[in-house]
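Engineer: This structure is in structure tokens; I'll ask about it shortly.
The values are calculated or read from the model by the stated rules, or taken from the named source; none is laboratory data. Note that the coordinates shown come from a computational prediction; the quantities given were computed from them, not determined experimentally. Positions of Cβ are backbone-derived with ideal geometry, glycine not excepted, and every protein chain shown enters the neighbour counts.
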2 protein chains.
Amino acid sequence: MSEGESCGCCSSSTVTSDTDHTCYCPVDGIIDTISKKHALPIVSVLGSNGPTRYNELEEVLGVTSSSLLSTRLNELMSEGLIERQSFDEIPPRVEYLLTPDGEELERRLKPLLEWADEA
Amino acid sequence: MSEGESCGCCSSSTVTSDTDHTCYCPVDGIIDTISKKHALPIVSVLGSNGPTRYNELEEVLGVTSSSLLSTRLNELMSEGLIERQSFDEIPPRVEYLLTPDGEELERRLKPLLEWADEA
DNA sequence: CAGCATCCGAACCGATACTG
DNA sequence: CAGTATCGGTTCGGATGCTG
């Protein structure tokens, strides 16, 4: 979805909204990112388990191909939702964790996911 | 995503979670549905505007092709999130509205979208 | 007005293989 | 252990055209 493209959702057209009217149309950026496979689970797992290693994520999420997880992690980093922390050790160790933004997301996501799970 | 496929997310594996541990892995069904294009805006618009006609939705969402909206509406109906109400009039009138489940979803969605919008 | 059928290009996912 | 590169299959979205 391209940015700044007026969708008419916010302008008062035929749809009469006298109450609160927030625009949810250009839901790009974060929403797009978290709509992809494993993105939500990643955020959730990091939220409940804290810093987690690459391999742990692979196992826990039941990820099918390593490259997919890699892509998703990079996207989440680009959005500033997660952070990568690498340690100079042998064998190499890398941990992923939520940024403050990611934590805020997780907080607002939780009620939704809890409900979606049982429904 | 196929159902009932154990992802290992819920079993206590290498990931140590002593705190609350809810499983968010099999986020199928509703999450899948609302992850598709226009689904979220549809729910939001119906939430703030109440019953809305097909054409109004097309305008408001800036939908590109009519068939896409049609598909999305059917999916949301299958999930029991929205409801279709048709009137025997000429010209024909059809309105879509949230079911109780849809309203609950909208409630839980709102804080997320409000935050995502400004971020 | 409301909505489906179809066709085509784009995006996404999964598997395999290969590096630091 | 922690990734990237590549490629084929599948799914999704956009455009057009046609019905009740």
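Engineer: Can you run down the residue pairs with Cβ atoms below 6 Å, 6 or more apart or on separate chains, where the first is in the range B:18-39 and more than 8 Å from chain A (Cβ to nearest Cβ) and closer than 12 Å to A:ALA119 by Cβ and the partner is at pLDDT 50 or above and within 12 Å of DNA strand C (Cβ to nearest atom)?
Structural biologist: Going by the 6 Å Cβ cut-off, the qualifying pairs are B:THR33/B:GLU75.
Engineer: Checking B:GLY80 against (1) more than 12 Å from DNA strand C (Cβ to nearest atom); (2) modelled with pLDDT under 95; (3) within 13 Å of the chain's Cα centre (by Cα); (4) assigned to a loop (DSSP other than H, G, I, E, B), which single condition isn't satisfied?
Structural biologist: (2)
Engineer: Name the residues in the range A:84-119 that are of a type in the set (A, V, I, L, M) and in a loop (DSSP other than H, G, I, E, B), would you? Walk me through how you get there before you give the answer.
Structural biologist: First pass over the range A:84-119, keeping only residues of a type in the set (A, V, I, L, M): A:90, A:94, A:97-98, A:105, A:109, A:112-113, A:116, A:119.
Scanning the range A:84-119 gives A:ILE90, A:ALA119.
Engineer: Just give me the residues in the range B:99-113 being at the interface with chain A (Cβ under 7 Å from one of its Cβ atoms) and free of Cβ contacts under 8 Å to residues at least 12 places away in the same chain, in sequence order. Outline the logic, then answer.
Structural biologist: The initial filter retains those residues of the range B:99-113 that are at the interface with chain A (Cβ under 7 Å from one of its Cβ atoms), namely B:101, B:104, B:108-109, B:111-113.
Listed by number, the residues that qualify are B:GLU104, B:ARG108, B:PRO111, B:LEU112.
Engineer: OK, next. Do the conditions hold for B:LEU69, that is, is it within 11 Å of chain A (Cβ to nearest Cβ) and touching a Phe, Trp or Tyr at 6+ places or on another chain (Cβ under 9 Å)? Let's see the steps before the verdict.
Structural biologist: Values: within 11 Å of chain A (Cβ to nearest Cβ): no; touching a Phe, Trp or Tyr at 6+ places or on another chain (Cβ under 9 Å): yes.
Here the answer is no, as B:LEU69 does not meet what is asked.
Engineer: Quick check: anything in the range B:77-97 near DNA strand D (Cβ under 10 Å from one of its atoms), farther than 15 Å from B:GLY47 by Cβ and of a type in the set (S, T, N, Q)?
Structural biologist: no
Engineer: Further, regarding this structure: Cβ-Cβ below 8 Å, separation at least six or inter-chain, first residue in the range B:56-69 and among the polar types (S, T, N, Q), second within 11 Å of DNA strand C (Cβ to nearest atom) and part of a helix (DSSP H, G or I): which pairs?
Structural biologist: Within 8 Å, the pairs are B:SER66/B:GLU58.
Engineer: Any residue in the range B:84-96 that is within 11 Å of chain A (Cβ to nearest Cβ) and touching a Pro at 6+ places or on another chain (Cβ under 7 Å)? Steps first, answer last, please.
Structural biologist: As a first pass, look at the range B:84-96 and keep what is within 11 Å of chain A (Cβ to nearest Cβ): none.
Looking for residues that are within 11 Å of chain A (Cβ to nearest Cβ) and touching a Pro at 6+ places or on another chain (Cβ under 7 Å), one finds none in the range B:84-96, hence no.
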